[in-house]
Amino acid sequence: MDKFSTLMKMNWKEILDKTLAGVYILDSEGRFVYVNDIVERATRYTKEELYKMDIFKITIPEELEKAKEYLERTIKGETVFYETRYVRKNGEIRWMWGFASPLEIGGEKYSLGSWIDVTRAKRLENELRNREEFYRALIEESLSPICITQKGKISYVNKAFEEFTGYSRDEMIGKELFIVHPEDKELAKKCVGGEEGLERNPETYSFRIIRKDGKVRWLTIRAAKITYNGEPAIAATAMDTTAIHEMNAELGRRAEYLSLLNSILRHDIGNALTTISAALELEDPNLRARALEKVNYIIRLIADVRNLESAIDILKPINIAEIIRDLSKRYKIEAKAEDIFVYANEGLSIVLENIVSNAFIHGGENVKVVVETLRNGKWAICRISDNGKGIPDEIKLRIFEKGFSTTNRTGMGLFIAKWLINAYGGKIEVRDNRPSGTIFEIRLPTL
């Protein structure tokens, strides 16, 4: 006798009773005709109790219509896979995955089903889902900008990141770090541009971004390696630290100012007072004349220092055109003023007046001065032109040096002018006018 024939003669009921899956047979009304030991154990009903019941007795009300549908489809000859809940004798609700097939015995149609209890798996699944929803809500609604990158491209940003950059999620997902300031690209790539090179422990970096509206902001991030959608990624929690960096810049500017002021007081005024002291002691007429000259020098130097004091004020929006219009009235000069706002302070008036004043002092008789403002992209340009004698090339390279002067003035005016313009984030240049004279050009970033 072959093995197949031997197997066919085995007691299948005994095998089904001991299998680890629940096995049952239902008639066309849904009544239990057969259940194995696992069904008995799973439902907490005895077999005798189950044979007096139908499957709808252990079906929860919300699943009742589905259960009837599955039975009807099976009786009609269809095989059905289902996921549903059932109720134990003690009222406990459990989850099952089931598989039902049509069965015909003696001309009668039945439903042969098997199930496994997946309650533990469903609880874990729900727990993970709840935890995922919790963290998703926590991250999505966080006030801190959060970004996830993979292979140098943005994979996720939360609402706060959208608000901070001004770009929508759709504009950023899948893109490289285009929002980073060009000068900070390399640093940004190091911290969030690629998974290689970044340690597992979180690291902190600061760099600038350019918002959609063109404003530059400082971003300080805490970046760490994670796994996102099954792939290596970098998660970065960010903070807007623009105010801190601006404050540091302001403190640096003030420290530089104090250093400059200290230099003037110790060196320039100190040397002048030494000459005055010697003249008073020796009572030499020639020295007395030099002493008087030094006294006048100190008076002018104190005026320059006073200018510096007013120029160290907090930066605020300033309309260059208003300064130009005021200068044109006082100096009777030609002005072409377009309203342009920049971040500066009263020092900007000092700079422009100093240059205009120098044009009249050094330009010669009948000198004509023209001041104009214009916008060039993100820059405000202010040009002060004259048709005077001009500045020799060998002097152009030195006019912004501290203390350089071709007259008996302090030589601090243009030095202070350049220092202030640099402090405003701009630059000042000098070049020849045509056919004669000089052009001073000041560039400042617009608001």
Next item on the list: First measure r as the distance between the Cβ atoms of Thr446 and Asn366, then evaluate 1/(1 + (r/R0)^6) with R0 = 51 Å and state the FRET efficiency to the nearest 0.05.
Entry: 0.90
Check: Fewest first, what order do Met53, Met247 take by the number of other Cβ atoms within 10 Å?
Finding: Met247, Met53
Notebook entry, point to check: Once phi is turned into θ = phi - 60°, what whole-Hz ³J(HN,Hα) does the Karplus curve with 6.51, -1.76 and 1.60 give for every residue of the range 163-172, x standing for Gly and Pro?
Noted result: 5, 5, 8, x, 9, 7, 4, 4, 6, 10
Next item on the list: Throw me the Rg/Rh for the range 51-129, computed over C-alpha atoms with Kirkwood Rh, two decimals.
Entry: 1.02
Notebook entry, point to check: Between Lys336 and residues 5 or more places away or on another chain, which pairs have amide H atoms under 5 Å apart, with H built 1.01 Å from N, and which residues are they?
Noted result: Val371, Glu372, Thr373
Notebook entry, point to check: Rounded to the nearest 20 Debye, what is the dipole magnitude of the range 142-240 about its Cα centre when Lys and Arg each give +1 and Asp and Glu each give -1 at the C-beta?
Noted result: 80 debye
Next item on the list: Divide, for the range 313-447, the radius of gyration over alpha carbons by 2.2 N^0.38 Å, where N is the residue count.
Entry: 0.99
Item checked: ³J(HN,Hα) computed for each position of the range 364-377 - Karplus, 6.51 cos²θ - 1.76 cosθ + 1.60, integer Hz, glycine/proline x -> x, 5, 6, 5, 10, 10, 10, 10, 9, 10, 7, 9, 10, x
Check: What's the exposure ranking of Cys147, Cys382, going from fewest to most Cβ atoms within 10 Å?
Finding: Cys147, Cys382
Check: Evaluated at 37 °C with a viscosity of 0.692 mPa s, what Stokes-Einstein diffusion coefficient in µm²/s does the range 142-240 have when Rh comes from the Kirkwood expression over alpha-carbon pairs?
Finding: 250 µm²/s
Checklist line | Furthest towards positive pole of dipole, Tyr110, Ile146, Leu124, structure part the range 104-156, Cβ charges | finding: Ile146
Margin query: Suppose the chain between Arg41 and Ile439 were pulled fully straight at 0.36 nm per residue; how much longer would it get relative to their current alpha carbon spacing?
Written below: 133.4 nm
Checklist line | Karplus-derived 3J(HN,Hα), 6.51/-1.76/1.60, for each residue of the range 89-101, Hz, glycine and proline x | finding: 4, 7, x, 6, 9, 10, 9, 9, 9, x, 9, 10, 10
Margin query: 5 Å is the cut-off here: which amide hydrogens, built 1.01 Å from N in the peptide plane, fall below it relative to Val33, excluding neighbours closer than 5 in sequence?
Written below: Ile25, Leu26, Asp27
Margin query: I need the P(r) histogram for the range 3-121: all alpha carbon pairs, bin width 5 Å from 0 out to the longest distance, whole percents.
Written below: 2, 11, 21, 25, 21, 11, 5, 3, 1, 0
Note to self: Can you give the local net charge around Lys68? Use residues other than it whose beta-carbon is closer than 12 angstrom to its beta-carbon, Lys and Arg +1, Asp and Glu -1.
What the structure shows: -4
Notebook entry, point to check: Extension gain Arg325-Lys89, at 0.36 nm per residue separation less the Cα-Cα distance, in nm?
Noted result: 75.6 nm
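Please sort 348-360, 101-113 by packing, taking for each peptide the average over its residues of neighbouring beta carbons within 10 angstrom, highest first. Please report the intermediate quantities before stating the final value.
Working: 348-360: 20.7, 101-113: 14.4.
Going by the mean number of other Cβ atoms within 10 Å, highest first, we get 348-360, 101-113.
No lab work stands behind these numbers, since they all come straight from the coordinates. Just so it is clear, the structure is predicted and the values come from calculations on it, not from any experiment. Ideal geometry is used to build each Cβ from the backbone, glycine not excepted, and the neighbour counts take in all protein chains shown.
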